[in-house]
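Peer 1: Take a look at this one; I'll ask things after.
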Amino acid sequence: MSKNILIVDDSSMMRLAVRTALIEAGYTVLEAVDGVDGLLKLQGDIKVDLIVCDVNMPNMDGITFVKKYKEDPKLKFIPVLMLTTEEGQERKEQGKEAGVRAWMVKPFNKTTLLNAVSKLLSV
Amino acid sequence: MFFSDEQLLEAVKEFKDEALDLLNGMEEGLLEIREFGIGGDRINAVFRAAHTIKGSGGMLKLTHLVEFTHIAENLLDEIRNNKISITDNMIDTFFLCKDHMQSLVLFYAQNSKKEPDDSLKTMSGFLMETLQTYLNGSVKINAPKKKITKNQEGVQYWQIDIMFSKEIYSLGMDPANFIRYLSKIGEVVKIQLNTEYISDLEHLNPSECLIECTIAFRSSKSKDEIIEVFDFIEEDIELKLTTLNDAQEEQNDENQSEEEEEESESNLLSSQNIEKPIAVNNEKETSIVNSSSLRVDSDKIDILINLIGEMVIANANVVQRASLIENSGLNESVSAVSRMLEEIRESAMKIRMVQIGETFSKFKRIVHDISKQLGKQVDLTISGGETEMDKTIVEKISDPLVHIIRNAMDHGLETIEERIAKGKNQKGTLVLHAYHDAGTIAIEISDDGKGLDEEKIFKKAVERGIISEDSKLTQKEIFNLIFEAGFSTADAITSISGRGVGMDVVRRNIEALRGTVDIKSTKDKGSTFTMRLPLTLAIIDGFLVKVGATHFVIPLDMVLECIELSARYRNEMHGNNYINLRNSILPLLNVREHFSTGNDSENLRENIIVVQYAGMRFGLIVEELHGEFQTVIKPLGKIFRQIRGISGSTILGSGEVALILDIPMLMNHIVALQAHNEKGDANEVKEN
């Protein structure tokens, strides 16, 4: 059974980048364009094993999205990897409160991404 | 800088045009390589494309693009020199590289001086890593092993004490992952669990983490690198690292050779992955026709065509005036000018004509990508690629076509298992076929999938409130429901279709081009979508007629014949709207009644113009026939857009306005009318 990873990012380019790397590594990928969409996808039939999520997004930002899904007892154990930029560091505090531990600063390379993912996914 | 600011703008535009062309060529080349191998000039062509882009990118100081393309070019060069054999995976990577280069080019075209943003750079990084692994793979296979692993002396034994916080599970973290990850950078020799904090099992809270352990670890990594493994949870654990200095030299040596072995093994593995070379096949070379061409801004051609249009109108005026002056010499000259003008018009229109094949070959890639994503096997057959049509139309139908193709592959074609169960070939077929048909271009997209499910569509349309439950619809009407706004049969929205534009947008786009789309489908046999589009948007050959005081133009390509509405036919009609024409029923539409043009020309002889569209015929009842007429299409003003049955207007030589009849729309009207009448008849019978 391959692991399902949900990418939440409003940039299609970024989704493409992450998706390409993950699919190549054998993961199954779901995509959402913002936090709202992300919550919808989490409610779907496919069990998500890991979320890779951008911070700045329209409609619902990444931090709010994490807060929301962590409220759901069925979903709160899903690990999340937050993508951020050099400048976005101050939001880390808010993220930490919401339960985010894993951060990755853009631009990152494929190895970093795959290493982070493998740390976060249980076998 | 090589260019001044002003020059730069132009240079970037030129670069964009050139690069996009090259990239398209690259994609085609890759598709051919996949099919026929790297023989012939194929790999060279792909290599040259990359090389040229790198070169011209360098002129513009597009550093990032140059760096990226450089790596791709390196790999292509190795393949070209038979140092590396190309594999399917590599081709896939090249496809991604091509897409990415396109994004970069488009990015530079918009922001000529800026560096690409983070997301573009990230993508570059990913692809470069992949390309590099292919490059490295070959070097290691071919070159004798020289370098013995780097810092072997640093191998050390570590004792790692970890205590995880109780909340770690609720953060979504699994301690086991981190320990497993350790073994990626060294060897986990032993793990000792400290169980003293674990209370009796009955009172254990499963969502609390009580793990505390000591790990014996052997690795050549530094302390910081080992700590980095736990970077995500550094605040949620207590970590203590101690070196065990009594590690023995011997073990170091042993370790060294072990690691080496491991590495060579993994190399072998990856090289096995890579080595599934595609056969180099020189026989099936496709001929490359090098027609010399000139790149012209399409705006310039539009201006030319507009001017010719105006000239055609002006000339019509001249012809009319000349005919009033009875001077044979003048008439001769005028007709010579007219003839030449017609030729000019035709050649000008030809400039705009492009073969649809170019657009079709784009679909090879799309089909390839989608079939991979869906895990379906699809055979794409393309025919009629040499059919020519107006460039504007080609550009505008690309999106609707992609959408129909995606739908066909996603919803139409069954999965491999389903196909096997149905006794079909596990490979689905998708056929793209273009041909000329009565002054239109027809493009067919057929699949041999499960076909449209009438019942399901009907139910869905009722659910969506598009129709009422007791509506009685023909099969065709049911199929057409999928073009209604707010209709989507996919139960789950997939990433392939069911997102972005819906079928309603497809129909709207096609109708905006004065085209139509219809569906034929048989359950379990497959579906065919047929798009019909006009050859051109600007000037057509028309047939001029007059009804009352109003002139109408009928596109000549659709006119089959003209017959007189004789007394015999009049009797036959009996107020019905059809006649028997050589033993087949010909529905009729009275233009005077339909457009209420008034009744001021009583007693005139009437004529029937038989028109054909999409394999159906009907007759238009008109009065005067004026013959062929070069029609420069002028769009209708905003207020008149809603009028059905009129697609545009044109100006006659006399300065009068003539309306262009929209035959497809009138055809729909007649079909609807017939269906209505049949239903009416049925009801009457019931009542009786």
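Peer 1: Name the residue, out of B:Arg352, B:Arg419, B:Arg365, that is among the basic types (Lys, Arg) and touching a strand residue (DSSP E or B) at 6+ places or on another chain (Cβ under 6 Å). Can you show your working first?
Peer 2: Values: B:Arg419 fails: touching a strand residue (DSSP E or B) at 6+ places or on another chain (Cβ under 6 Å); B:Arg365 fails: touching a strand residue (DSSP E or B) at 6+ places or on another chain (Cβ under 6 Å).
Checking each option against the conditions leaves just B:Arg352.
Peer 1: Residue check, A:Lys96 against (1) in a helix (DSSP H, G or I); (2) more than 11 Å from chain B (Cβ to nearest Cβ); (3) surrounded by fewer than 22 Cβ atoms within 10 Å (Cβ to Cβ), all met but one. Which one?
Peer 2: (2)
Peer 1: Another question, if that's okay. Within the stretch B:216-236, can one find any residue that is hydroxyl-bearing (Ser, Thr, Tyr), within 30 Å of B:Glu167 (Cα to Cα), at pLDDT 70 or above and within 53 Å of the chain's Cα centre (by Cα)?
Peer 2: There is at least one residue in the stretch B:216-236 that is hydroxyl-bearing (Ser, Thr, Tyr), within 30 Å of B:Glu167 (Cα to Cα), at pLDDT 70 or above and within 53 Å of the chain's Cα centre (by Cα).
Peer 1: Right, something else. Taking B:Glu678 as meeting all but one of (1) within 39 Å of the chain's Cα centre (by Cα); (2) at pLDDT below 75; (3) among the acidic types (Asp, Glu), write down the number of the exception.
Peer 2: Single failed check for B:Glu678: (1).
Peer 1: Return the residues of the stretch A:54-93 that are within 10 Å of chain B (Cβ to nearest Cβ), of a type in the set (D, E, K, R) and either crowded, with 17+ Cβ neighbours inside 10 Å or not in a loop (DSSP other than H, G, I, E, B) (or both); say none if nothing qualifies.
Peer 2: Correct list: A:Asp54, A:Lys70, A:Glu86.
Peer 1: Identify all residues within the stretch B:53-94 that are aliphatic (A, V, I, L, M) and outside any helix (DSSP H, G or I); write none if there are none.
Peer 2: Going residue by residue through the stretch B:53-94, those that are aliphatic (A, V, I, L, M) are B:53, B:59-60, B:62, B:65-66, B:71-72, B:75-76, B:79, B:84, B:86, B:90-91.
Correct list: B:Leu60, B:Leu62, B:Ile84, B:Ile86.
Peer 1: Go through (1) buried (at least 20 other Cβ atoms within 10 Å of the Cβ); (2) under 19 Å from B:Asp231 (Cβ atoms); (3) more than 9 Å from every other protein chain (Cβ to nearest Cβ) for A:Met104 and report which single condition fails.
Peer 2: (1)
Peer 1: Is there a residue being modelled with pLDDT under 85, surrounded by 24 or more Cβ atoms within 10 Å (Cβ to Cβ) and closer than 21 Å to B:Asn111 by Cα anywhere in the stretch B:38-49?
Peer 2: No, every residue in the stretch B:38-49 fails to be modelled with pLDDT under 85, surrounded by 24 or more Cβ atoms within 10 Å (Cβ to Cβ) and closer than 21 Å to B:Asn111 by Cα.
Peer 1: Cβ contacts < 7 Å: first residue crowded, with 17+ Cβ neighbours inside 10 Å, restricted to the stretch B:608-625; second residue among the small types (Gly, Ala, Ser), any location; separation 6+ or different chain. Result?
Peer 2: Correct list of pairs: B:Ile608/B:Gly619; B:Ile609/B:Gly619; B:Val610/B:Gly619; B:Gln612/B:Ala438; B:Tyr613/B:Ala438; B:Glu623/B:Ser601.
Peer 1: Here is a follow-up. Which residue, of B:Gly29, B:Gly40, is within 24 Å of the chain's Cα centre (by Cα) and of a type in the set (Gly, Ala, Ser)? First the steps, then the outcome.
Peer 2: On the way: B:Gly40 fails: within 24 Å of the chain's Cα centre (by Cα).
From the options B:Gly29, B:Gly40, the qualifying one is B:Gly29.
Peer 1: Going by what's in this entry, would A:Ile46 be described as within 28 Å of B:Leu374 (Cβ to Cβ), in contact with a Pro (Cβ under 8 Å, 6 or more places away or on another chain) and within 12 Å of chain B (Cβ to nearest Cβ)? Before the answer, list the steps.
Peer 2: Numbers: within 28 Å of B:Leu374 (Cβ to Cβ): yes; in contact with a Pro (Cβ under 8 Å, 6 or more places away or on another chain): no; within 12 Å of chain B (Cβ to nearest Cβ): yes.
Criteria not met by A:Ile46.
Peer 1: Does B:Arg352 qualify as being among the charged types (D, E, K, R), on the phi < 0 side of the Ramachandran plot and crowded, with 17+ Cβ neighbours inside 10 Å? Don't jump to the end; show me each part of the working.
Peer 2: On the way: among the charged types (D, E, K, R): yes; on the phi < 0 side of the Ramachandran plot: yes; crowded, with 17+ Cβ neighbours inside 10 Å: yes.
Considered against the rule, which asks whether it is among the charged types (D, E, K, R), on the phi < 0 side of the Ramachandran plot and crowded, with 17+ Cβ neighbours inside 10 Å, B:Arg352 comes out as yes.
Peer 1: Search the stretch A:13-43 for residues being free of Cβ contacts under 8 Å to residues at least 12 places away in the same chain and touching a Leu at 6+ places or on another chain (Cβ under 8 Å), and hand back the single one that is farthest from the other protein chains (Cβ to nearest Cβ).
Peer 2: In this case the residue turns out to be A:Thr20.
Peer 1: Okay, next question. Hey, can you tell me all the residues within the stretch B:385-437 that are surrounded by fewer than 18 Cβ atoms within 10 Å (Cβ to Cβ), without any contact (Cβ under 8 Å) to a residue 60 or more places away in the chain and part of a helix (DSSP H, G or I)?
Peer 2: B:Glu395, B:Ser398, B:Ile416, B:Glu417, B:Glu418, B:Ile420, B:Ala421
Peer 1: Just to be sure before I move on: is B:Met123 modelled with pLDDT under 80 and hydrophobic (A, V, I, L, M, F, W, C) in the structure I sent? First the steps, then the outcome.
Peer 2: Details: modelled with pLDDT under 80: no; hydrophobic (A, V, I, L, M, F, W, C): yes.
When the stated conditions are applied, B:Met123 does not pass them.
Peer 1: Follow-up. Which count do you get for residues in the stretch B:163-218 that are within 14 Å of chain A (Cβ to nearest Cβ), outside any loop (DSSP other than H, G, I, E, B) and of a type in the set (A, V, I, L, M)?
Peer 2: Within the stretch B:163-218, residues that are within 14 Å of chain A (Cβ to nearest Cβ), outside any loop (DSSP other than H, G, I, E, B) and of a type in the set (A, V, I, L, M) number 6.
Peer 1: Search the stretch A:107-118 for residues being at the interface with chain B (Cβ under 9 Å from one of its Cβ atoms) and under 13 Å from the mean Cα position of the chain (by Cα), and hand back the single one that is surrounded by the most Cβ atoms within 10 Å (Cβ to Cβ). Walk me through it before giving the result.
Peer 2: Our first condition is that a residue be at the interface with chain B (Cβ under 9 Å from one of its Cβ atoms); within the stretch A:107-118, this holds for A:107-111, A:113, A:115-116, A:118.
Still in the running and under 13 Å from the mean Cα position of the chain (by Cα): A:113, A:116.
Numbers: A:Leu113: 22, A:Ala116: 20.
Per the criteria, the residue is A:Leu113.
Yes/no matrix, rows are residues, columns are (1) more than 14 Å from B:Ile660 (Cβ to Cβ); (2) among the hydrophobic types (A, V, I, L, M, F, W, C); (3) in a strand (DSSP E or B); (4) assigned by TED's automatic domain parsing to the domain that holds B:Leu307:
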site	(1), (2), (3), (4)
B:Val506	yes, yes, no, no
B:Glu511	yes, no, no, no
B:Arg514	no, no, no, no
B:Asp518	yes, no, yes, no
B:Asp524	yes, no, no, no
B:Thr528	yes, no, yes, no
B:Val545	no, yes, yes, no
B:His551	no, no, yes, no
B:Ile554	no, yes, yes, no
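The values are calculated or read from the model by the stated rules, or taken from the named source; none is laboratory data. Being a predicted model, the structure only gives us computed values, none of them experimental. Neighbour counts run over all protein chains shown; Cβ positions are idealised from the backbone, glycine included.
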